[in-house]
Amino acid sequence: IEEGEKAIVVAPVIDEPVTIIFSKKGWVKCRQGWDVDKDTLSFKEGDSLAAFLQVRTTNPVVFFDSKGRAYTISVEQLPAGRGDGLPVSSLVDVQEGAHIMHCVSGSENTKLLVSSEKGYGFLAKLKDMMSRRKSGREFMTLGLKDVMLPPSVYGNSDSNFVATVSSDSRLLVFPLNELKSMSRGRGNILM
C-alpha cells in the first residue's frame with residue numbers, strides 16, 4: 001500500500017447569465033438570466049436600486065464599503081429569488097464603522113475608473129480589487145470625510161474622456177489616458 005495524493009473536490013461553476021440587484025441600503029440578490037425587468041423590482045421601505053448588473057455566473061462580484069475597502073464574493077454565494085435578498089454585511093466581514101456602498105462585476109480584466117468626492121481618482125482593473133479574505137482588502141485610500149463615488153466601467157477607446165464637476169460649478173474634461181493605473185491607493189487629483 002502506497003500513500004497517494006490527497007483528492008481535492010472542485011465543483012465546476014456553470015457559465016450562465018445572471019442579473020445582480022444591489023440596493024442603496026446594501027441588500028443584494030441574484031436572478032437567473034438577463035430578462036429581469038427593472039420596473040418590477042421591489043425593495044424594503046425607504047430603499048431603492050443602486051446597481052443592476054447583467055453578468056455571468058463565472059464573474060466575481062466586488063463590493064466597496066464607505067472606508068474604501070473592497071470585498072469579493074462569487075455569484076453562487078449570492079441569495080437567489082424574488083425576495084428582498086440579504087444584506088451584503090452578512091456575507092462579508094465589514095470593518096468597524098463602515099457600510100457597503102457600491103457593487104461592480106465583470107471579468108477580472110474589466111477596467112474601472114474609481115474616484116472620491118474630494119476629487120481623487122485612478123484607473124484599475126477588477127482583479128486589483130479582488131480578495132479571497134472575507135474581511136476584504138484595502139483598496140482606495142480615503143481622507144477624513146471623503147467618500148468613494150460609484151466606480152465607472154470603461155472600454156478601450158481613444159475617445160474616452162473624464163468629466164469632473166466641482167461643488168462651485170466648474171467643469172473640467174480631459175482624456176482618460178491622462179490618468180494613472182494603480183492597483184490601490186488614493187490616485188491623482190482629478191480637479
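The values are calculated or read from the model by the stated rules, or taken from the named source; none is laboratory data. Please read these numbers as outputs of a predicted model, since none were measured by experiment. A quick note on method: Cβ atoms are made from the backbone with ideal geometry, for glycine too, and the neighbour counts reach across all protein chains shown. Areas reflect the complete protein model, heavy atoms only, side chains present, ligands, DNA and RNA absent. Shrake-Rupley method; radii C 1.70, N 1.55, O 1.52, S 1.80 Å.
One table, with the values for the structure above:
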| read-out | value |
| --- | --- |
| Longest site-free stretch - the chain; sites: GluC sites (Glu not before Pro), DSSP loop, at most 10 other Cβ within 10 Å | 97-191 |
| Size of electric dipole in segment 66-141: Cβ of Lys, Arg +1 and of Asp, Glu -1, about Cα centre, debye, nearest 20 | 200 debye |
| Mean separation of Cα contacts under 8 Å, 6 or more apart, over the residue count of segment 1-64: relative contact order % | 40 percent |
| Percent RCO, i.e. relative contact order, over the chain, from Cα pairs under 8 Å lying at least 6 residues apart | 20 percent |
| Area accessible to solvent at K127, 1.4 Å probe radius, in Å² | 100 Å² |
| 20 °C / 1.002 mPa s Stokes-Einstein diffusion coefficient of segment 32-71, Kirkwood radius on C-alpha pairs, µm²/s | 168 µm²/s |
| For segment 72-131, diffusion coefficient by Stokes-Einstein and Kirkwood Rh (Cα), 10 °C, 1.306 mPa s, µm²/s | 115 µm²/s |
| Stokes-Einstein D in µm²/s, Kirkwood radius over Cα pairs - the chain at 20 °C with 1.002 mPa s viscosity | 119 µm²/s |
| Candidate residues I21, I8, I189: accessible-area rank, largest first, probe 1.4 Å | I8, I189, I21 |
| Reference-scaled alpha-carbon Rg (2.2 N^0.38 Å with N residues) for segment 1-101 | 1.31 |
| Only Lys, Arg (+1) and Asp, Glu (-1) charged, at Cβ; segment 32-109 dipole about Cα centre in debye | 120 debye |
| As computed over segment 81-189, the Cα convex hull volume per residue (Å³) | 151 Å³ |
